[in-house]
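The values are calculated or read from the model by the stated rules, or taken from the named source; none is laboratory data. Note that this is a predicted model, so its numbers are computed, not measured. Here the Cβ is made from the backbone with ideal geometry for all residues, glycine too, and neighbour counts use every protein chain on show. For accessibility, only protein heavy atoms count, side chains too; no ligands or nucleic acids. Shrake-Rupley method; radii C 1.70, N 1.55, O 1.52, S 1.80 Å.
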Amino acid sequence: MDRQSPVLTLGDDEEAELVDWNLPAAFMKKRHCEKIEGCKSLAQSWRMKDRMKTVSVALVLCLNVGVDPPDVVKTTPCARLECWIDPLAMGPQKALETIGANLQKQYENWQPRARYKQSLDPTVDEVKKLCTSLRRNAKEERVLFHYNGHGVPRPTVNGEIWVFNKNYTQYIPLSIYDLQTWMGSPSIFVYDCSNAGLIVKSFKQFALQREQELEVAAINPSHPLAQMPLPPSMKNCIQLAACDADELLPMNPDLPADLFTSCLTTPIKIALRWFCMQKSVKLVPGVTLDLIENGQKRTLMVFPRTVHTCLIDVRQTLQRVSFNSVYTQIWRVLLHLAADPYPEASDLAMRVLNCIAYKATMSTRPQRILDAASLTQSAPASPTNKGMHIHQVGGSPPTPSASSSSLTNDVPKPAVNRELPSTRPSNVGGNINVQYTPHSHQFPRTRKMFDKGPDQTAEDGDDIIAHKGFLSGSLQTGFCDWNAKYFAQPVMKVPEEHDAESQVRKEREWRFLRNAKVRNEAQCLIQKGITRMDEQIFINRNPGVPSVVKFHPFTSCIAVADKDSICFWDWEKNEKLDYFHNGNPRYTRITAMEYLNGQDCSLLLTATDDGAIRVWKNFADLEKNPEMVTAWQGLSDMLPSTRGGLARRVSIYLDRSKQGGAGMVVDWEQETGLLVASGDVRIIRIWDTDREMKVQDIPTGADSCVTSLSCDSHRSLIVAGLGDGTVRIFDRRMSQNDCRVMTYREHTSWVVKTHIETQAQGHILSVSVNGDVRSFDPRLTESINTLQIVKGLTALDYHPMANLFAGGSMNQFIAIYNGGGELISNIKYYDGFMGQRIGAISCLAFHPHWPHLAVGSNDYYMSIYSMEKRMR
């Protein structure tokens, strides 16, 4: 993991380096890299310290309905709506008046107490009269000047906007300098017209000119301005412009012509219009649920309310709804969240579930009624069902009854520790006569869900105290506060990754230079020819039995997964870098790993045979501890497969399809940010990591599990090997019913590995446990080449660059072949003091670039083999 500067210039591998710069980075947005918490200190307000009211508003509309200005060529069709009114749907004068009235109403929604004056298609004198009148009445308060110039020419570089003459036969210029004089300060100016940035520039120039004139007058008593009262400074003016100095207003017919005004005065309405245009389901942060009720599908959006409010709705309805109701579906969603692989999400869901269960239990406890004889002696506590919590959540909501029953265990319990406090149920015997009244007799019919009900005994208070830890009525995260803090930050700042002088940029440049160096050196080595690969360059005992190994593509780091943990080794220094627990529950195991963003800031993705996916950062870092970036349920309805045990593995190659599942298999496309997942299910699921959502489910059309996946992003092909021996090709661009474009049935046993070449031929390679290696052309219905290697394979991998493949067996040997099927190395177990001690092979993998092969065995050892020393 040495960070020595690579001896390489930008010109050595420009094409490869350009690819690195253009590759998207998965799970590297701020929400993944930062802690989700709000500002710890109060943000500085952007508002002026002196409180000031906008008491007067001048609405100046220069529309000239029906006549387009000469310097703007409009599209056909074009944006037409002004204040949500179509001006061509009525007469010109009527349209002008209606639009003016609507604009005033839109402003009144925000400032109903201001004084509004409309000036519709005005002359220069009318604008002067309006502005001076408003300023005189406003005195030292703020005045707003709104200018709509859609029916007049664009502003000039000399600092002029346009109005009309009295007969509407000419456009008349109005100087911004004069407008400043009439409006005074403080003021707000809104410019809704093309090239509005020109007005802002002219405004600043004229304001500076005024300041200079005043400075001259101050030192020259004979100056004409010296005897006049000082005009107010223009520094207390706010300008809002619709576009820059060289930009036109948008003309999209799906949007209003006064888009800028609509964003200012009717933001929700315009947001909805954008929403409809994009045809997507943000509008506000929330959760979209597809629910089935009474045979019909409906979509429910759960908006950012506190959980307390949602709980009221759920609890009040649980007793009287059908099993397939909306509320039962929400309950199911909570159950899935309680088993979520991301600990914070599962903890919050567990708190909600326990809260609901506890409330349902407490509201249904029967009231004790004592007879007269018992009143003369102390009454012992009655048997209750206090302390009934959801330690293992089930599929049905808690049903209130006189004796609450335990909930069934329909979902696996996450591995994280979430032991909740519980009290010991009282069960004291005695001679006292205790009677119970029916539950319906204990409460009045008008009782609310959160009423305390009948008088509570001392134990009830103890219950509340004992469960105070998880009965908080409001569960919230810092996500909203975390989002809100960005509104107080500057938006025009250049991102660090785009700043050529930033540390982030320089580190990326270093990494991409390193990558090019690795590619070049590895390619040169491979081109010399590989005649053997039996030189052991690394060996060490792993903390657990290796199940998956993965080389980092550009550093000397290798990840080795056992059942539930990952160990990182530096194979050049023969040192252990890190070892941490993956967080998967008991009886589940890691079955796949992938490096995300291997060319840049690397993350490690792990997949387990219960369908969970976890993404880690800061691994193999001596200064930081590994952190989970995100986690989610990649595949549902997966049953963890028990694939451990030496005897079981020995018998796998005989008929592996009957020996358990494949767990979860994945393939990662860095170019597209797509993750393809399958395994002990009947589908291939595609996840878009940029949008963090499932984008496609492809049915495999088989009753057997998927054992291997390989993708070609350029042709959108997915190759799947299955436990029944078939190799199936899917084109993800086609519809669900037509996407399976080819099925090969030449293997007769479990497919260990499939591989699709990225070279021009794009051949598909596959091998089964029987050792038959087949090559397919996806355009042909039969294999084009077949090789027979050793039987009893438990692991196999193809080298993506060197035209090599290697297989390992339970019989304690490794065989490495070239593309022509010629055996170049046969690494076996040898007895004796100096012999190689190779255990039963559990996993193996080639390095993406170097001619290195990593091998894990059931005796806990990890080894790496390469070319002879003189070649390295």
For region 489-540, report the accessible area per residue in Å² (1.4 Å probe, heavy atoms, rounded to an integer).
64 Å²
So for each of 109-119, 699-709, 81-91 I average, over its residues, the number of other beta carbons within 10 Å; can you give me the resulting order with the highest mean first?
699-709, 81-91, 109-119
List the residues whose amide H sits under 5 Å from the amide H of His150, counting only those 5 or more places along or on another chain, with H placed 1.01 Å from N in the peptide plane.
Cys62
What nm value, rounded to one decimal, do you get for the distance between Gln736 and Lys166 when each label is placed 7 Å out toward the C-beta?
7.3 nm
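Looking only at Cα atoms, what is the convex hull volume of region 671-789 per residue, in Å³? Could the numbers behind the result be given before it?
Numbers: hull volume 11.7 nm³, N = 119.
Here the figure is 98 Å³ per residue.
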Please give the net charge around Arg136, taking every other residue with its beta carbon less than 13 angstrom from that of Arg136, where Lys and Arg add +1 and Asp and Glu add -1.
+4
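List, in the order given, every pair from Lys563/Lys753; Lys128/Lys204; Lys35/Lys359; Lys30/Lys235; Lys74/Lys485; Lys204/Lys269 whose Cα-Cα distance in the structure shown is over 29 Å.
Values: Lys563/Lys753 21 Å; Lys128/Lys204 20 Å; Lys35/Lys359 33 Å; Lys30/Lys235 36 Å; Lys74/Lys485 40 Å; Lys204/Lys269 33 Å.
Too far apart for the 29 Å limit: Lys35/Lys359; Lys30/Lys235; Lys74/Lys485; Lys204/Lys269.
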Sparse-neighbourhood loop sites, GluC sites (Glu not before Pro) in region 484-520 - DSSP loop, at most 10 other Cβ within 10 angstrom:
Glu501
What share of the DSSP beta bridges in region 44-192 is antiparallel, in percent to the nearest 5?
25 percent
In region 118-148, which trypsin sites (Lys or Arg not before Pro) fall in coil by DSSP and have 12 or fewer other Cβ atoms within 10 Å?
Lys139
Based on Cβ point charges of +1 for Lys and Arg and -1 for Asp and Glu, what charge dipole magnitude is obtained for region 548-638 about its Cα centre, in debye rounded to the nearest 20?
140 debye
For Arg715, what accessible area in Å² do you get when you roll a 1.4 Å probe over the heavy atoms of the protein chains, rounding to the nearest 10?
70 Å²
Multiply the residue gap between Glu501 and Thr781 by 0.36 nm, knock off their C-alpha separation, and tell me the result in nm, one decimal place.
95.2 nm
Averaged per residue, what accessible surface does region 109-166 expose to a 1.4 Å probe, in Å²?
53 Å²
So, in nm, how far is label Glu822 from label Lys269 when the simple model puts each one 7 Å beyond its Cα toward the Cβ?
7.8 nm
Could you rank Leu259, Leu604 by how accessible they are, 1.4 Å probe, largest area first?
Leu259, Leu604
Which order do Arg332, Arg745 take when ranked by solvent-accessible area (1.4 Å probe, heavy atoms of all protein chains), largest first?
Arg745, Arg332
Would you mind counting up the charge near Trp616? Only other residues with Cβ under 13 Å from its Cβ, with Lys and Arg at +1 and Asp and Glu at -1.
0
